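The values are calculated or read from the model by the stated rules, or taken from the named source; none is laboratory data. Everything quoted here is computed from the prediction, not taken from an experiment. Heads up, the Cβs are rebuilt from the backbone with ideal geometry, glycines too, and the neighbour counts pull from every protein chain shown. For the accessible areas, the whole protein counts, side chains as well, though only heavy atoms, and no ligand, DNA or RNA atoms are used. Shrake-Rupley method; radii C 1.70, N 1.55, O 1.52, S 1.80 Å.
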Amino acid sequence: MARRTARPGRTLVVFFLGLAIAFGLVALAGSWKPELGLDLQGGTSIRLTPKGNPTSESLNEARKIIDQRVNGSGVAEAAVTVQGNHYIVVEIPGDSRRDLVDTVKRQAQLRFRLVACDDQDPSRCQPSTGTTTPQDPTAPQTGTGTGVTAPASPTAGDTTAPSDAASPSGTSNRAGVSYADTTSPSPTESAGPSDSASATPTDGATAPSDAGTPTGVPTTPSPEGGPDVADPLKWIDAPNQEAIAAYNAFTCPQDGTPVNVEDDPKKPLVTCEWDAVTKTAQKYLLSASMIEGNQLDSASAQIPQNAVGYVVSIDFNGDGTSAFSKISEALVCPSGTVPPCKQFAVVLDGQVISAPTMNSLITNGQAQIEGNFTQASAKSLATSLKYGALPVSFSDFSVETVGPSLAGDQLNAGITAGIVGLLLVMIYCLIYYRGLGIVVIGSLLVAGASTYAMVLLLSKTANFTLTLPGIAGLIVAVGITADSFIVYFERIRDEMRDGKSMRVAVEAGWIRARATCLAADTVSLLAALVLYIFAAGVVRGFAFALGLSTLIDLVVFFWFTKPLVSLFAKLRFYNGGGRLSGLSAATLGVDKIAPDRPRVPASTRSTQEGTV
């Protein structure tokens, strides 16, 4: 069978097309400057002061969770430390990373509760005859309407919730959350509330408070729930008088300030939902928790099919799915049902973010938290839910801007060192390899352009920040790239010393050099991978940069260097042993260069052999 003919020209065209696409994506991203790390540009420092006297184990666990939140990809270069065995300090590169600041401050305590009554349907929360209920004279008067109309199936295009990821709210028609079931619904016996609701213990505080609550605001305690509190489905039909009194006495702040309430999962909760569009707050009396955040399997930010807005998709585990099915069976409110329909509330850090009705029977445990999310706010909320709630509560958050830990001249010195090193490698290769040095220069320039494009793209997509150790990793990779050229060129020269023409030597030398370079780059990649997995902080940035540069070296070596040398092998200046080609007889130490013999097509070769 005839051997497939190599097409180096086509390979080069495809390579440059890929490079052009990369820079096209950079242009679409709109940023031609990489994100710099904390040591080079400064950033934001957050000091978290815990409530009470938490143990060192709890603080370390909280530090790990926060580190996963802000630096889950390992390349954002955020530093999370415990100081004085009492504070957690988070330093985030850049002065505009409000999304990461919100991610750090969020307690991320997610709970699903049932709605007993709210401002639009207060009928079940009227004080009983003869009962004195404390009233706040400044509390807004609630209406006595029949409640809300059951909404149509919610869609991802709902844009009536605020964009703040810490406290996105639903709308007045409860269209803030949608649920999808891909299986045929069938009522099943589910775990009871006591099986699924489980409190997350905290050190120094009985329940977490909202991370955004201003310091000094007193915490409103949770009311007692009476004898039926452990059965939320029964309790919401007849709330106990103590909970009703607490609801009527509570006033929601009308300026959007987060409420500071005790979020005890085993007790009812009086809290609020803030609508940033209408600038109004709605008050709720909620049951004890039926589903806890630790019953989530996963959380992710995504754009659903046929939608344009971001949602946060969550999947429950087995216990959570059973509890959610039980809620669905009890609260289902099909289209056409006379309102008001029963509702449940999604509560994040003590504040309602959505209170939808259940429009169909759901049994697969999948949900979408919808709102006017941006990409950053959706990812922030999903990250907080994914890595779980913090084991400690915090009473104070001190946020300040910090300057770079390294002087600006050190950044300039690092960049200068890289440029000088690159120039020295180019000059050396030109002197030693002469004409072949053009391949070295071209390959290094292409590798540099590819690296820059990838750094810019990763800065936008993976929060990659460039620190001084990262720059060092990129500089070290220059030597790895140069090693590939040296191995290949020396193999070519050895083959030509054995009497082969350059055209033949290029292919024979490639087979041997390819295996050697793959082995060397594999060792470099393994070293970078081990550093990335087991190291922390800026060392992971160094490992990531080293691994990235090594992969780019392989791409350039296979799809640029080799095809370019194959093209040069067709030129008389190289295959004829030109004096400045680097492949002359004097340079190789031989009497003469083997003449180039153009490759004879297979059909012609067969004819010639038959004639003989």
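The table below lists the values:
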item: Residue in region 388-395 that is open to solvent by 30 Å² or more (accessible area, probe 1.4 Å) and either more than 30 Å from D67 (Cα to Cα) or within 27 Å of the chain's Cα centre (by Cα) (or both) present; result: no
item: Residues satisfying the stated conditions in region 362-378, i.e. modelled with pLDDT of 80 or more and either over 19 Å from the mean Cα position of the chain (by Cα) or under 21 Å from S322 (Cα atoms) (or both); result: N364, Q366
item: Filter result for P193 (at pLDDT below 50, crowded, with 16+ Cβ neighbours inside 10 Å, more than 29 Å from the chain's Cα centre (by Cα) and more than 22 Å from C125 (Cα to Cα)); result: yes
item: Residue count, region 578-597 (criterion: of a type outside the set (D, E, K, R), touching a residue at least 60 places away in the same chain (Cβ under 8 Å) and either farther than 12 Å from R497 by Cβ or part of a helix (DSSP H, G or I) (or both)); result: 7
item: Top-ranked residue in region 287-306 [being open to solvent by less than 30 Å² (accessible area, probe 1.4 Å) and either hydroxyl-bearing (S, T, Y) or in a loop (DSSP other than H, G, I, E, B) (or both); ranked as nearest to L361 (Cα to Cα)]; result: M290
item: Some residue of region 421-432 being under 32 Å from the mean Cα position of the chain (by Cα) and either surrounded by fewer than 16 Cβ atoms within 10 Å (Cβ to Cβ) or assigned to a helix (DSSP H, G or I) (or both); result: no
item: Looking only at region 17-32, and only at residues there that are in contact (Cβ under 8 Å) with a residue 24 or more places away in the chain and within 21 Å of T465 (Cβ to Cβ), the one that is surrounded by the fewest Cβ atoms within 10 Å (Cβ to Cβ); result: W32
item: Residues satisfying the stated conditions in region 251-271, i.e. buried (at least 17 other Cβ atoms within 10 Å of the Cβ) and in contact with a Cys (Cβ under 8 Å, 6 or more places away or on another chain); result: C252, V259
item: Selection status of I314, modelled with pLDDT of 80 or more, open to solvent by 50 Å² or more (accessible area, probe 1.4 Å) and within 21 Å of the chain's Cα centre (by Cα); result: no
item: Any chance G365 is at positive phi and surrounded by 19 or more Cβ atoms within 10 Å (Cβ to Cβ); result: yes
item: Odd one out for V538 among (1) under 32 Å from the mean Cα position of the chain (by Cα); (2) at pLDDT 85 or above; result: (2)
item: Among (1) surrounded by 24 or more Cβ atoms within 10 Å (Cβ to Cβ); (2) at pLDDT 85 or above - the single one W274 does not satisfy; result: (2)
item: Hits in region 262-284 - residues which are among the hydrophobic types (A, V, I, L, M, F, W, C), in contact with an Asp or Glu (Cβ under 8 Å, 6 or more places away or on another chain), more than 13 Å from V346 (Cα to Cα) and in a strand (DSSP E or B); result: A281
item: Qualifying residues in region 61-88 (those that are touching a Ser or Thr at 6+ places or on another chain (Cβ under 7 Å), closer than 15 Å to L458 by Cβ and not hydrophobic (A, V, I, L, M, F, W, C)) - the one modelled with the lowest pLDDT; result: G72
item: Failed item, numbered, when I486 is tested on (1) surrounded by fewer than 20 Cβ atoms within 10 Å (Cβ to Cβ); (2) out of contact with any Cys (no Cβ under 9 Å at 6 or more places or on another chain); result: (2)
item: Positions within region 531-574 being of a type in the set (V, I, T) and without any contact (Cβ under 8 Å) to a residue 12 or more places away in the chain, in sequence order; result: I533
item: So Y452, is it surrounded by fewer than 18 Cβ atoms within 10 Å (Cβ to Cβ) and within 28 Å of F542 (Cβ to Cβ); result: yes
item: Odd one out for N463, checked against (1) open to solvent by 10 Å² or more (accessible area, probe 1.4 Å); (2) within 35 Å of the chain's Cα centre (by Cα); (3) more than 30 Å from Q68 (Cβ to Cβ); result: (3)
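Listed here are the residues, each with its yes/no results for (1) in a loop (DSSP other than H, G, I, E, B); (2) charged (D, E, K, R).
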| position | (1), (2) |
| --- | --- |
| A20 | no, no |
| G24 | no, no |
| A27 | no, no |
| K33 | yes, yes |
| L40 | no, no |
| S45 | no, no |
| L48 | no, no |
| P54 | yes, no |
| L59 | no, no |
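Residues are listed down the side, and each one gets a yes or a no for (1) under 24 Å from A27 (Cβ atoms); (2) at pLDDT below 90; (3) of a type in the set (G, A, S):
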{"residue": "I419", "(1), (2), (3)": "no, yes, no"}
{"residue": "G435", "(1), (2), (3)": "no, yes, yes"}
{"residue": "V446", "(1), (2), (3)": "yes, no, no"}
{"residue": "T461", "(1), (2), (3)": "yes, yes, no"}
{"residue": "G473", "(1), (2), (3)": "no, yes, yes"}
